[in-house]
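The values are calculated or read from the model by the stated rules, or taken from the named source; none is laboratory data. Keep in mind the model is a prediction, meaning the values are calculated, not measured. Don't worry about glycine lacking a Cβ; one is built from the backbone with ideal geometry, like all the others, and counts go over all protein chains shown.
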Amino acid sequence: MKNNRKIQIGVMGSASDLKYSKKIEKIAEEVGYWIAKSNATLIFGAEKDYDSLSTSACRGAKKANGMTVGITYNRGLDIFEKNNVDVIIPTGLERGGGRETALILSCDGIITISGGSGTLTEIAIAYQANIPIVALANTGGWSEKLIGKYLDERKRIKIESATTPKLAVEKIIKLIINKYEK
């Protein structure tokens, strides 16, 4: 990027009520770790009441001393992952559309891991806003279903794929840089 602003990479993925495996949780932590190692800022959906793959990424970013920004719904600074977040932004909006819009529009690019309906909403918002998306392969959910696809005939952006956390971060950074160099 041409200015000194850090790249802001969002990590979107399943909430714990979808009962993802420890293996998928470790993948999310690794994504956060590699975002921090790349000197980018991690943006994540800060949940108030339970864990998620996004909060796992936050923990991974802090293991590498990275900068983390949690965007949450409703009001107040009380969130589930309070020990590893640097900045909490309460949107005053509800979960299920409003918060997700603020979350995605705060990102230069997003990496998705597995994912249910919330992740699908976030992917659709990123697509509409021409924000690059890299989905981690072999993690299930909407990430797996949408790899290599456009969401509609406009063909705004193709949902790219990566097979490892490190490759996902490398790919999203390249996509972001290419977007801003145009």
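The single condition among (1) small (Gly, Ala, Ser); (2) assigned to a loop (DSSP other than H, G, I, E, B); (3) at pLDDT 95 or above that Gly92 does not meet is (3).
Restricting the range 11-28 to residues that are in a helix (DSSP H, G or I) and hydrophobic (A, V, I, L, M, F, W, C), which is farthest from the chain's Cα centre (by Cα)? Spell out how you get there, then give the answer.
Residues of the range 11-28 that are in a helix (DSSP H, G or I), as a first pass: 16-18, 22-28.
Restricting the remaining residues to those that are hydrophobic (A, V, I, L, M, F, W, C) gives 18, 24, 27-28.
Working: Leu18: 17, Ile24: 14, Ile27: 13, Ala28: 10 Å.
Filtering the range 11-28 for residues that are in a helix (DSSP H, G or I) and hydrophobic (A, V, I, L, M, F, W, C), the one farthest from the chain's Cα centre (by Cα) comes out as Leu18.
Every residue, every condition in (1) in contact with a helix residue (DSSP H, G or I) (Cβ under 7 Å, 6 or more places away or on another chain); (2) within 16 Å of Ser56 (Cβ to Cβ), yes or no:
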{"residue": "Glu100", "(1), (2)": "yes, no"}
{"residue": "Gly115", "(1), (2)": "yes, yes"}
{"residue": "Thr119", "(1), (2)": "yes, yes"}
{"residue": "Ile123", "(1), (2)": "yes, no"}
{"residue": "Glu153", "(1), (2)": "no, no"}
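Of the helices (runs of 4 or more DSSP H) lying entirely inside the range 106-182, those carrying at least 2 residues that are in contact (Cβ under 8 Å) with a residue 60 or more places away in the chain and out of contact with any Gly (no Cβ under 7 Å at 6 or more places or on another chain) are 117-128, 165-181.
Taking the range 50-81, which residues are of a type in the set (Lys, Arg), within 17 Å of Pro165 (Cα to Cα) and either modelled with pLDDT under 95 or over 14 Å from the mean Cα position of the chain (by Cα) (or both)?
Pass one, the range 50-81, residues of a type in the set (Lys, Arg): 59, 62-63, 75.
Next cut, within 17 Å of Pro165 (Cα to Cα) only: 59, 62-63.
Answer for the range 50-81, where residues must be of a type in the set (Lys, Arg), within 17 Å of Pro165 (Cα to Cα) and either modelled with pLDDT under 95 or over 14 Å from the mean Cα position of the chain (by Cα) (or both): Lys62, Lys63.
Tallying residues that are buried (at least 21 other Cβ atoms within 10 Å of the Cβ) and in contact with a helix residue (DSSP H, G or I) (Cβ under 6 Å, 6 or more places away or on another chain) within the range 125-151 yields 8. If you check Gly32, Gly10, Gly96, Gly76 for being touching a strand residue (DSSP E or B) at 6+ places or on another chain (Cβ under 8 Å) and at positive phi, only one passes: Gly76.
Out of all the residues in the range 98-108, is one or more under 15 Å from the mean Cα position of the chain (by Cα), modelled with pLDDT under 95 and basic (Lys, Arg)? Looking through the range 98-108, at least one residue is under 15 Å from the mean Cα position of the chain (by Cα), modelled with pLDDT under 95 and basic (Lys, Arg). The residues of the range 10-45 that are under 21 Å from Ile131 (Cβ atoms), surrounded by fewer than 21 Cβ atoms within 10 Å (Cβ to Cβ) and of a type in the set (Gly, Ala, Ser) amount to a single one, Ser38. Go through (1) modelled with pLDDT of 95 or more; (2) in contact with a Phe, Trp or Tyr (Cβ under 6 Å, 6 or more places away or on another chain) for Ile113 and report which single condition fails. Against the list (1) modelled with pLDDT of 95 or more; (2) in contact with a Phe, Trp or Tyr (Cβ under 6 Å, 6 or more places away or on another chain), Ile113 comes up short only on (2). One residue stands out in the range 1-49 among those that are among the aromatic types (Phe, Trp, Tyr) and out of contact with any Asp or Glu (no Cβ under 9 Å at 6 or more places or on another chain): the one that is modelled with the highest pLDDT, namely Tyr33.
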